[in-house]
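Here is the structure we will look at.
The values are calculated or read from the model by the stated rules, or taken from the named source; none is laboratory data. Only a predicted model underlies this, so the values are computations on that prediction, with no experimental measurement involved. Because the Cβ atoms are built from the backbone with ideal geometry, glycine has one as well, and the counts that use them run over all protein chains shown. Heavy atoms of the whole protein, side chains included, go into the accessibility calculation; ligands, DNA and RNA do not. Shrake-Rupley method; radii C 1.70, N 1.55, O 1.52, S 1.80 Å.
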Amino acid sequence: MGSYSLLAVIAIGLASNLDNAGVGIAYGVRKIRIPWYSNLAIATVSFLATLVSGFFGSWLSSWIHPWIGQLLGTVVIVGVGVWVLLQPFLEKKDTSVQEDDVNPLTRLLRNPEEADKDSSKSISLGESVVLGIALAMNALAGGFNAGITQLNVWYTSLSVGLFSYLLLAACAGFGKKVAAEKFGNRATVISGLLLILIGIHQLF
């Protein structure tokens, strides 16, 4: 694997999981524990989401011209990056919408403590699967981009799973309220910008 491919794999893994950092900090602030097996389940969901979307992208790339594949991959990952960047502004603008009317996965990312359904201050294995699905949305775009642009799907999936586990574990221990408030928005901006930069760079 070339140096650019390696950097792209790492960048996709990181960009796909910056939401995990925000969620980890939020849990640290609220003293909600994430056992290693629950964290592993979340990472596994992200790994599988990346793998499935990656193989789909790889299959699709065999039917279209390589340049079209590059363009399609760029459009998808840049589109997701722009969507991620716009989320904080859309949430502020849409304050009139009742919380119950919001998509359950979106609501879970806004209020990650809701994953702790039994209020046990610990994320169980079952709760971690639901949280993992909510956190895996960016991984789907990253996996598809890797597959259609001929990046190694297995390495990309492993990168996403690894960063998912590490960021959630590390940031759960970094649960200061000031850090949580500031880092939550910064993580969103960094994640969106990274996805956009990856997509644009693939065209040149």
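The table that follows gives values for the structure above.
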{"item": "Inter-site label distance for Ile200 and His65 at 7 Å from Cα along Cβ, in nm", "result": "2.5"}
{"item": "Heavy atoms of Phe163 accessible to a 1.4 Å probe, total area in Å² rounded to 10", "result": "50"}
{"item": "Using θ = phi - 60° and Karplus 6.51 cos²θ - 1.76 cosθ + 1.60, couplings along segment 122-137 (whole Hz; Gly, Pro as x)", "result": "8, 8, 6, 4, x, 5, 5, 5, 4, 5, x, 5, 5, 7, 8, 4"}
{"item": "Accessible-area value, Tyr27, 1.4 Å probe, nucleic acids and ligands omitted, Å²", "result": "0"}
